[in-house]
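Input: a single structure, listed below in structure tokens.
No value in this document is a laboratory result; all are computed from the given coordinates. Nothing here was measured: the structure is a model prediction, and the numbers come from that model. Positions of Cβ are backbone-derived with ideal geometry, glycine not excepted, and every protein chain shown enters the neighbour counts.
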Amino acid sequence: MNEIIDGITQAVQLIVTLDPEVVGITVLTLEISLASTLISAAMAIPLGGFIHFREFPGKRALVNIIQTLYALPTVIAGLLVFLLISRAGPFGFLRLLFTPAGMVIAQVVLVLPIMLGLTISALSGVAKEKKDTILALGATELQTILTLICEARFAILAGVALGFGRAISEVGAAMMIGGNIRDYTRILTTAIALQTSMGDIAFSIALGIILLSIALLVNLAVNLVQGEGPRD
Amino acid sequence: MIELSHVSRSFTGRNVLDDISLRIRDGEIFALIGPSGSGKTTLLRIIDLLEEPSQGQILFNGSAIGPGAEDRLLARRGIGMVFQKPVPLSTTVFGNVAAGLRFRGMKGDALAGKVREALEVVGISQLADRRARTLSGGEMQRLALARAIATGPGLLLMDEPTANLDPANSALIEELILSINRRFRTTVVIATHDLPQGQRLAHRLGVLDRGHLLQTGEPAEVFYHPGKPEVARFVGVENILPGTVTGSSDGLTTVSLGGAIAISRTELPAGTKVLACIRAEDITLHTSKEIRSSARNLLMGRIIRVASQGPFARVTVDAGISLTALVTTRSVQDLGLSPEKVVSLTFKAGAVHLIPTP
């Protein structure tokens, strides 16, 4: 019991005194997860718009597959990216294994289905009458998709936030692709895994508090934005 | 001019529109009238090129619109549409009216000018900066109208423009439709189940029932000379009686209605099977023995039923045939009309419209 209380006390100290290692890991974590979130959103939102708008054979199956991939195990994403970027893999020449860029790719693979799926369902949630209204106002296909995305912006944003949450909290792929190299690819989750196994409870608790705080902040921000948004 | 030629539309095997041929003239207000589910909305959507007919085609000024999305978009940009339940885009009132103009690449002062003009036409300039979703029903309907006319369409389509509005707002929207038609020479097609509204607004009407276009014509023609029994019923003719023409002379036709004889101005050869249509408001009731009336038809009978409806009452009389007359509630009291009372009925030959039946 004492160990936990001591751990928490020390953790708070580490955070309050802005321990350089804690800060370094946090900054790197945010950089990697934000990068993968932005890249995923940049792909998922337009792609989701077209998948929603266009009718094509196999659309239903595609959406089903995308939704199944929500639950893609992080180690499977890690394995997939590992096979692609390891020395022997097709993209081995890019030397991305054990780099932050490699981790970003792995997180994109992990997060893209969620954002894509949630974008599609956010757009499906927009009343059909709105699509008709936009078309009747003389919009081109692209204008229609963009306007619908704008109409569904709050729901889409929630999907992006959820994607960020998955990116920042996953540990499997980050460990396999990043390798947990100190000051280079060590992020909050991999550091917690390592420090805990090494018995440095205080450090782990400190990082855990930071990780939870980030999740909390993102959640608060989404709620705030949605609170101002429309109810429809 | 818009011409629909043998347009049909079916959804999963069910025919929503069946072989509709129709011309809408430039600058007129045309009302598609029919009960709910008669296909009005689908027809408007086809005219707005939001939906394609299963069969037949639609011509704008004599030319068909190509199947390409580009051609359809170009044609659609000349049309404004107000849906039955207008939905706001989640932005301001200004942003809503600006949307169509922005899609056409307009911006800056020109855009703002057009938006202000459209808001002024419908009288909601003061709401420009409001979030559109906070508008009341009447305001939203006016916004939808402003949004549709902002781009200066030659054709304005409106689906049940007053169905969800209170009487004051309905009157306002009707005024706006008339003034937009007059001021901008916009061709207007409205779909409505509200018969008097069609009569008030439209230069011509088309009666739609279960996907069939039963009759088109000027309001007076459709109301007083329905071409089919369904139209007669829909335009509110209460007395529709089967009969046979027995003879005609001097433009007057005698028709036997089973229990009674009536004189009509509809000219048909003897022996023709007909349905005689007599509007309830064209029948006059009398209680005195001496009747001074120029009406050709005079029948005697006993009152069966008096159904009061606010300022008016429907009095049904058994005069060999059952006839219903529309009487003011004041007259019901003054004349002491009640069941079993014997009364005389008069109506003009012109009030008896005959529809030949096979």
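On a straight-distance basis, which lysines could pair with B:LYS289 in a cross-link, Cα separation under 25 angstrom, same-chain partners fewer than 8 positions away excluded?
Cross-link targets: B:LYS341, B:LYS348.
Based only on Cα atoms, what mean projected area does the convex hull of region A:28-187 have, in nm²? Display every interim value, and only then the final one.
Numbers: hull surface 39.9 nm².
Over every viewing direction, the Cα hull of region A:28-187 projects on average to 10.0 nm².
Over the whole of B:81-94, what's the average partner chain Cβ count within 10 Å per residue? Rounded to a whole number, please. Walk me through the numbers on the way to the answer.
Details: counts 6, 2, 4, 1, 2, 2, 11, 5, 9, 10, 4, 0, 0, 0.
Per residue, the average neighbour count from other chains is 4.
With label points built 7 Å along Cα→Cβ from the Cα atoms of B:LEU252 and A:LEU146, find their separation and express it in nm.
Spacing of the two 7 Å Cα→Cβ label points: 7.4 nm.
Placing +1 at every Lys and Arg Cβ and -1 at every Asp and Glu Cβ, with all other atoms neutral, what dipole size does the protein assembly as shown have around its Cα centre, in debye to the nearest 20? Don't skip to the end; give the middle numbers.
Working: 53 positive and 49 negative charges, 227 e Å.
Here the size comes out at about 1080 debye.
For region B:237-356, what's the radius of gyration and Dmax over Cα atoms, in angstrom?
Taking only Cα atoms of region B:237-356, I get Rg and Dmax of 14.3, 43 Å.
Please list the equivalent ellipsoid semi-axes of the protein assembly as shown, computed as the square roots of five times the alpha-carbon gyration tensor eigenvalues, in descending order and whole angstrom. Kindly include the intermediate steps, with their values, before the conclusion.
Details: eigenvalues 1065, 131, 98 Å².
Computed over the protein assembly as shown, the values are 73, 26, 22 Å.
So if I take the centroid of the Cα atoms in region B:78-98 and the same for region A:1-63, what is the distance between those two points in Å?
38 Å
Mind checking the angle between helix A:74-85 and chain A's longest principal axis? C-alpha axes, 0 to 90 degrees, to the nearest 10.
It is inclined by approximately 90 degrees.
At a Förster distance of 22 Å, what's the computed FRET efficiency of A:LEU216 paired with A:GLU21, Cβ-Cβ distance as r, to 0.05?
Once the sixth-power term is evaluated, E becomes 0.45.
Between B:ILE261 and A:ASP183, with labels modelled 7 Å along Cα→Cβ, what's the label distance in nm to one decimal, could you check?
About 12.0 nm separates the two model spin labels.
Using alpha carbons only, how many degrees (0 to 90, rounded to 10) separate the axis of helix A:100-124 from the longest principal axis of chain A?
Result, in degrees: 40.
Select from region A:99-199 those chymotrypsin sites (Phe, Trp or Tyr not before Pro) which occupy a DSSP coil region and have at most 15 other Cβ atoms within 10 Å, ordered by residue number.
Those that pass, being in a loop and sparsely packed, are A:TYR184.
Suppose a student asked you for the relative contact order of chain B, using Cα pairs under 8 Å spaced at least 6 residues apart; what percent would you report?
The normalised contact order for chain B reaches 15 percent.
If packing is taken as the average count of other Cβ atoms within 10 Å, what order do A:15-28, B:122-135 fall into, highest mean first?
Descending mean neighbour count gives B:122-135, A:15-28.
Just tell me how shielded B:102-109 is by partners: mean number of partner chain Cβ atoms within 10 Å of each residue's Cβ, no decimals.
Details: counts 5, 9, 4, 0, 0, 0, 0, 0.
Going residue by residue through B:102-109 and averaging, the value is 2.
Using the Karplus curve 6.51 cos²θ - 1.76 cosθ + 1.60 with θ = phi - 60°, work out ³J(HN,Hα) for each residue of region B:218-223 in order, rounded to whole Hz, and write x for Gly and Pro.
5, x, 4, 5, 5, 6
Can you compute the modelled spin-label distance between B:ASP71 and B:SER21, with each label point 7 Å from Cα toward Cβ, in nm?
Here the modelled spin labels are 2.2 nm apart.
Enter the mean number of other protein chain beta carbons within 10 Å of the beta carbon of each residue in B:40-52, as an integer. Present the calculation step by step, with values, prior to reporting the outcome.
Working: counts 0, 0, 0, 0, 0, 2, 0, 0, 3, 2, 4, 1, 0.
Partner-chain Cβ atoms within 10 Å, mean over residues of B:40-52: 1.
What's the FRET efficiency of B:SER54 with B:ALA220 using the Cβ-Cβ distance as r and R₀ = 45 Å, to the nearest 0.05? Before the final figure, lay out each step's value.
Details: r = 34 Å, r/R0 = 0.76.
Efficiency, rounded to the nearest 0.05: 0.85.
Among B:GLY13, B:GLY301, B:GLY251, which one moves the most in a GNM of chain B with springs linking Cα atoms closer than 10 Å?
The residue that fluctuates most here is B:GLY13.
Mind checking the alpha-carbon convex hull of region A:7-109 and giving the volume per residue in Å³?
Hull volume normalised by residue count: 161 Å³.
Considering amide H positions built from the backbone, and no H for Pro or chain starts, which residues 5 or more places from B:GLY259, or on another chain, come under 5 Å of its amide H?
Counting only residues 5 or more places away or on other chains, the set is empty.
What residues qualify as long-range amide H neighbours of B:LEU157, i.e. H under 5 Å apart, gap of 5 or more or another chain, H built at 1.01 Å from N?
B:GLY80, B:MET81, B:VAL82, B:VAL189
Which links in B:LYS40/B:LYS107; B:LYS85/B:LYS107; A:LYS59/B:LYS107; A:LYS131/B:LYS228 stretch past 32 Å when you go from one Cα to the other?
Table pairs above 32 Å Cα-Cα are B:LYS40/B:LYS107; A:LYS59/B:LYS107; A:LYS131/B:LYS228.
Compute the length gained on full extension between B:SER331 and B:ARG131: take 0.36 nm times their separation in residues and subtract their Cα-Cα distance, giving the result in nm to one decimal.
Details: separation 200, 0.36 × 200 = 72.00 nm, distance 5.25 nm.
Net length gain for the segment: 66.8 nm.
Check B:LEU214: other-chain or 5+ apart residues with amide H under 5 Å from its amide H, H built from backbone geometry?
B:VAL207, B:LEU208, B:ASP209
Hey, what do the phi angles of region A:181-187 turn into as Karplus ³J(HN,Hα) couplings, whole Hz, using 6.51/-1.76/1.60 and θ = phi - 60°, x for Gly and Pro?
Taking θ as phi minus 60°, the curve returns 7, 4, 6, 9, 10, 7, 10 Hz for region A:181-187.
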